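The structure appears right after this line, and notes come after that.
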Amino acid sequence: MASKVIHALYTDDDILLQAVKRVREERYYIEEVFTPFPVHGLDKAMGLAETRIAITSFIYGLIGLTVSIVMMNYIMIEDWPQDIGGKPSFSYIENMPAFVPVMFELTVFFAAHLMVITFYMRSRLWPFKKAENPDVRTTDDHFLMVIDTGNNDVEKVSKFLTDTGAIEISLIDKQDDH
Amino acid sequence: MYTLPSKLKLFAIVLMVIGALGIVAGFLSTPSNTAEVKEMMASSHDDGHSVEATHNDDHDTVKVDHADGHGESVHDDEEAHLEHVLHQLQNRPWSSLYIACFLFFMISLGVLAFYAIQIASQAGWSPVLFRVMEGITSYLIPGGIIMLILLGLSAFNFNHLFVWADPEVIAHDKLLQGKSGWLNGWGVMIRAMIFLGGWIAYRQISLKYSRMQDDATDGKWFKKSFKISAGFLVFFIYTESVMSWDWLMSFDPHWFSTLYGWYVFAGMIVCGITTIALVTMVLKSQGYLEYVNDSHIHDLAKFMFGFSIFWTYLWFSQFMLIWYANIPEEVTYFVTRIEDFKLPFFGMVVMNFIFPILVLMNSDYKRVNWFVVLAGIVILLGHYVDLFVMVMPATVGTSWYFGIPELSSVLFFLGLFIYVVFTALTKAPLLAKGNPFIKESKNFHY
């Protein structure tokens, strides 16, 4: 079945946010919203699930910490022990203060980089990927809401969207997913 | 308007009375001559009291101890050793008093700095908390005066806390002779008076502007407050640094650290913000501060979390460089602490870093009041231990113990702090309604 979607364009983030709330109250289904910048509170208004990026970041941080400990233990204690600063103890725990900067940096490094990579993968972003946003104006100063018409009356939905402050409404045949 | 609940008032007075009794008891139970020390040590052999550790000490290592002012003449001699312990034990109630007094003083000073930062940065989230901060800074005046008195007693060598104040020690100490142009009784006292005068003056003036702004029709008083806050912050960061050398670092006058001022500041500001959060939640639980919401608590908790890490960063930076370089005159500071103060020295890192970082890491937990209270209490206790480890090794040495003098000093100043702060909160409406950012602050959400 070729379902149709409506593209409603807005020019103000506050109006968009109000519109999203009203559209959801009317129980129309919002497929996606494209904005030129992050709109504070939009995720809550759209009813998106809470992000789990924080917990992945914590796990990546722990991995980084572990890697740094194992790495420093191998480099400085096991493989090539040296007498630095008159501390030839060759024991990890006794030399630990010297490794703390490395432990800290690798924790941050792993948490940050793996978090960004996770975010890209989760958002299906990769180099040379074709842009998904349906209207180039959403990269400048317009906000675009995609509403699935489903079994609703297209005329009625369009009228309702105009009431919420949409400046332009177009009916689009839904394309297959990439 | 806030009215002081009679129960809270009674609680504060009870704390002060119990604390005062304990402080007196602490002074009375101090031995006055070496014969009594001998007796105490003999009886404490059985119960493993920490005095025993002193007794077994190798005297050559005790030689560098500054506590008693006889560093040069300590030999393996029973009487000299007893005298050494006697001076340590006599220092103990004074040191306890000094630490507790400074803890609550630094809380109000930290809040004052935080308040100035909020005004100077024109922060939009915090104006609903301004009256809480103004209430806490009211402790600056009584706390500062008591601090000045205690400092005077030490700086003029009445209670022998500062080894640099003892003319006999200076006579045998080349380094202290060189430093005596800066480290002398009147020098420290005059600087302390200038610093306290400046801080209290800013506190009073900004308070006046804040109250005037309540009924103002334009932002005139806010602008004045902005200017004076920016000026105060410049004055503060210099004076705070010098204050930390004079009041704390000079306990070990041979040792110095260039980031000590920042280190003390980090402890100060984290305690201050924690106290803002605790007082706010107390007032909220009594039904006041209707405009303070979860997001304000969330922001305070973020600051507690962040400044705890900042404190650890400075603590570790100071430690690691000295530990790695291993220069004898520098490293003794940490050798003393790790050998004689192992539990408090490492315990405070757990309390000030590991506990808050784990408890306050999750975003949602920063909005759960009892989580923030729990973390806050541990942070405040942790910074008490931090001060303990800054002061005690130099004054009491191996004769340290956490007992009646320490506990009652904390109770006394806690009672005084609660009494002064919550009385000051009754003096003005709890909402700084004239602040130009008050609407933004009321609507603040995360």
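Read the figures in this text as sums done on the coordinates, not as results from a lab. Worth saying up front: this structure is predicted, and the values here are computed from it rather than measured. Note that each Cβ is placed from the backbone with ideal geometry, even for glycine, and that neighbours are counted across all protein chains shown.
Here are a few things to note about the model shown:
- Summed residue charge, Cβ within 10 Å of residue A:168's Cβ, Lys/Arg positive, Asp/Glu negative: 0
- Across chain B, C-alpha contacts under 8 Å between residues 6 or more apart give a mean separation that, scaled by the residue count, equals a relative contact order of 33 percent.
- Rounded to the nearest 20, the Cβ-based charge dipole of chain B about its Cα centre (Lys and Arg +1, Asp and Glu -1) stands at 3280 debye.
- Using the Cβ-Cβ distance between residue B:317 and residue A:91 with R0 = 22 Å, the FRET efficiency computed as 1/(1 + (r/R0)^6) comes to roughly 0.45.
- Restraint check, B:7/B:366; A:21/B:442; A:44/A:129; B:7/B:208, Cα-Cα greater than 25 Å: B:7/B:366; A:44/A:129; B:7/B:208
- Inter-label distance, residue B:258 to residue A:140: 5.4 nm, where each label sits 7 Å from its Cα along the C-beta direction.
- Taking the helices alone, chain A has a mean residue ellipticity at 222 nm of -14500 deg cm²/dmol, built from -39,500 (n - 2.57) per DSSP H run of at least 4 residues and averaged over all its residues.
- With one equal scatterer per alpha carbon and no solvent term, the Debye-computed log10 I(q)/I(0) for chain A at 0.11, 0.13, 0.17 1/Å reads -0.64, -0.76, -1.07.
- Positive-end extreme of charge dipole, the stretch A:1-158 - chosen from A:120, A:5, A:35 (charges on Cβ): A:5
- From helices alone, chain B scores -24000 deg cm²/dmol at 222 nm; the rule is -39500 (n - 2.57) for each run of n ≥ 4 DSSP H residues, then divide by the residue total.
- Hypothetical label at residue B:233: residues of the stretch B:127-170 whose amide nitrogen lies under 18 Å (7 Å Cα-Cβ projection): B:127-130, B:133-134
- Annotation: amide H of residue A:29 within the under-5 Å range of A:148, sequence separation 5 or more or interchain, hydrogens built in the peptide plane.
- Cross-link table A:4/A:156; B:284/B:433; B:223/B:439; B:38/B:342, entries beyond 22 Å C-alpha to C-alpha: B:38/B:342
- Nitroxide proxy distance, nm - points 7 Å out along Cα→Cβ at residue A:73 and residue A:154: 6.6 nm
- Taking Lys and Arg as +1 and Asp and Glu as -1, the other residues whose beta-carbon sits under 14 Å from that of residue B:389 total -3.
- Folded to 0 to 90 degrees: helix A:13-25 orientation relative to chain A principal axis, Cα: 70 degrees
- Mean-position separation - Cα centroids, the stretch B:128-157 and the stretch B:314-390, in angstrom: 24 Å
- Taking label positions 7 Å along the Cα-Cβ direction at both residue A:167 and residue B:433, the computed distance is 4.1 nm, reported to one decimal.
- When +1 charges are put on Lys and Arg Cβ atoms and -1 charges on Asp and Glu Cβ atoms, the dipole computed for the stretch A:70-178 relative to its Cα centre reaches about 120 debye.
- Computed across the stretch A:53-122, the Kirkwood radius stands at 13.1 Å (inverse of mean 1/r, all Cα pairs).
- Cα-only Debye scattering, the stretch B:6-442: base-10 log of I(q)/I(0) at q = 0.08, 0.11, 0.13 Å⁻¹: -0.47, -0.86, -1.17
- Coarse-grained scattering of the stretch B:193-334 at q = 0.13, 0.14 Å⁻¹, given as base-10 log I(q)/I(0) from a Debye sum over alpha-carbon atoms: -0.80, -0.90
- Selection from B:283, B:408, B:259, by position along the positive dipole direction of the protein assembly as shown (Cβ): B:283
- Space enclosed by the convex hull of the alpha-carbon atoms of the protein assembly as shown, per residue, Å³: 207 Å³
- Nearest-0.05 FRET efficiency for residue B:338 and residue A:130, computed from C-beta distance (R0 51 Å): 0.25
- Theoretical FRET efficiency, 1/(1+(r/R0)^6), r = Cβ-Cβ of residue B:370 and residue B:32, R0 41 Å, to 0.05: 0.30
- When Rg and the Kirkwood radius Rh are both evaluated on Cα atoms of the stretch B:302-446, their ratio Rg/Rh stands at 1.07.
- Net charge dipole size for the protein assembly as shown [Lys, Arg +1 and Asp, Glu -1 on Cβ; Debye, nearest 20]: 2880 debye
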